[in-house]
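The values are calculated or read from the model by the stated rules, or taken from the named source; none is laboratory data. What you see is a predicted model, and the numbers here were worked out from it, not measured in a lab. When the accessible area is computed, the model is the full protein with side chains, heavy atoms only, and any ligands, DNA or RNA have been set aside. Shrake-Rupley method; radii C 1.70, N 1.55, O 1.52, S 1.80 Å.
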Amino acid sequence: MTAVATMPQRAQQETTGEIIKRFQQQAPVDVMGIAESLGLRVWEDDINPYSGKITRDPIHGGPSGYSVIVNAIEPTNRKRFTIAHEVAHFILHSDELLKGDIAETLYRGGLSDNMEAEANQLAADILMPIPLIEKLIAQGFRSIEELADKLEVSKTAIGIRLGAPYAD
């Protein structure tokens with residue numbers, strides 16, 4: 001997928017994959033940098049009971065015209081995964097975004113479980129890229145706890161990523 005014309009000038013010259021890889025060179029992955037480079041503005045608000053949403057926002061949205069809103073009261077690691085998850089929806093499900101407010105679609109259950117699973121998988125790929133994990137392991141980060149701390153993800157998330165589920 002190539003960059004959208006409404007993205008910032010630098011992003012117009014990079015593919016989405018190149019943008020993501022640029023931010024995956026060191027831990028923790030700069031998920032805010034990825035979102036901003038894709039033209040998304042990220043906000044925090046009290047949106048209980050939801051963790052996050054992506055919405056068309058012509059007033060406060062980034063150059064893409066979309067905002068990601070994350071639940072302000074959740075832990076930092078959860079917010080990071082939520083941002084990556086909403087970025088994944090922006091990348092993978094732009095056709096749904098163009099139909100209207102994806103937040104309404106999500107809240108009304110219009111997105112399939114498959115689309116949610118796709119967004120979760122890409123979020124994990126964004127925050128915990130295998131080459132970066134391998135690099136950290138080579139540097140001496142061995143335990144689930146050490147990797148989770150360095151990547152700023154939950155122990156559960158990195159455990160699942162490594163095929164060894166761990167309960168927080």
Treating cross-link reach as a plain straight distance, find the aspartates and glutamates whose alpha-carbon is under 18 Å from the alpha-carbon of LYS150, omitting any fewer than eight places away in the same chain.
ASP30, ASP125, GLU134, ASP168
Just the accessible area for MET32, please: 1.4 Å probe, Å², rounded to the nearest 10?
70 Å²
Rounded to the nearest 10 Å², the accessible area of ASP45 at probe 1.4 Å
80 Å²
Accessible area (Å², 1.4 Å probe, nearest 10) - PHE141:
50 Å²
